[in-house]
Amino acid sequence: MATNYTKRILIADNSTDCSNGNSMAAQSNETHILIIEDDQGRKEFTLENSLYSIGRDRECDIHLVSQFVSRRHATLVKLPRDGDSDKRFYYRIVDGDVKGKPSSNGLMINGRSKIPAHDLKNEDEVVFGPQVRAIYYLLQRDATQTGQTDASEYDITLINPSMTEDNED
């Protein structure tokens, strides 16, 4: 029963084609980052693709180094925000693989255990097992910034050239 439930969560709301992740990221003022801490240290992933596999298997998009993590522990799915004309999106993390097979130990998200799926928000913490966790960051740039700077950002002091010359009196 849990297998079918997980599978439904993964594919629900995925009717919009998100396969062209780069164009959506280029139009958005958001950057999605996943910081992983495992037995080999800390790794940073900038998320742009429509689908990521996470687990111990070396063929996973995000490889976790720990004996306590399932081979295909979780899946990240990129979904469009409803009614958003800016082409912004979010990521949903789902326990298990794309076929709906759940991981052995499940996911703990923000201290709550055995979560089958969760729409990630800024600074969410996902624990895959002992000493293996991820923190998700959603960084937003100000849409009004165009690369131009305001003159008030600079301290401009005008110096009269005669002030720099030594007076030999």
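The values are calculated or read from the model by the stated rules, or taken from the named source; none is laboratory data. Remember, it's a predicted structure, so these values are computed and weren't measured experimentally. For neighbour counting, all protein chains shown are included, and Cβ atoms are generated from backbone atoms with ideal geometry for every residue, glycine included.
Every residue, every condition in (1) more than 17 Å from ILE33 (Cα to Cα); (2) of a type outside the set (Val, Ile, Thr); (3) in a strand (DSSP E or B); (4) in contact (Cβ under 8 Å) with a residue 40 or more places away in the chain, yes or no:
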{"site": "LYS87", "(1), (2), (3), (4)": "yes, yes, no, yes"}
{"site": "TYR91", "(1), (2), (3), (4)": "no, yes, yes, yes"}
{"site": "VAL98", "(1), (2), (3), (4)": "yes, no, no, yes"}
{"site": "LYS101", "(1), (2), (3), (4)": "yes, yes, no, yes"}
{"site": "HIS118", "(1), (2), (3), (4)": "no, yes, yes, no"}
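Within the range 90-134, the set of residues being surrounded by fewer than 15 Cβ atoms within 10 Å (Cβ to Cβ) and within 17 Å of the chain's Cα centre (by Cα) comprises ASN110, ASP119, LYS121, ASN122, GLU123, GLU125.
In this structure, is VAL69 assigned to a loop (DSSP other than H, G, I, E, B), touching a Phe, Trp or Tyr at 6+ places or on another chain (Cβ under 7 Å), modelled with pLDDT of 95 or more and farther than 17 Å from ASP124 by Cβ? Criteria met by VAL69. Within the range 48-66, being part of a strand (DSSP E or B) and in contact with a Cys (Cβ under 9 Å, 6 or more places away or on another chain) holds for LEU51, TYR52, SER53, ILE54.
Of all residues in the range 130-164, those that are closer than 16 Å to THR75 by Cα and either modelled with pLDDT under 95 or in a loop (DSSP other than H, G, I, E, B) (or both) total 0. Any chance the range 29-47 includes a residue that's modelled with pLDDT under 95, in contact with a Ser or Thr (Cβ under 7 Å, 6 or more places away or on another chain) and either hydrophobic (A, V, I, L, M, F, W, C) or part of a helix (DSSP H, G or I) (or both)? Scanning the range 29-47, I find no residue that is modelled with pLDDT under 95, in contact with a Ser or Thr (Cβ under 7 Å, 6 or more places away or on another chain) and either hydrophobic (A, V, I, L, M, F, W, C) or part of a helix (DSSP H, G or I) (or both), so the answer is no.
Identify the residue in the range 58-70 that is within 27 Å of PHE89 (Cα to Cα) and either touching a residue at least 12 places away in the same chain (Cβ under 8 Å) or touching an Asp or Glu at 6+ places or on another chain (Cβ under 8 Å) (or both) and, among all such residues, is surrounded by the fewest Cβ atoms within 10 Å (Cβ to Cβ). Of everything passing the filter in the range 58-70, ASP61 is surrounded by the fewest Cβ atoms within 10 Å (Cβ to Cβ).
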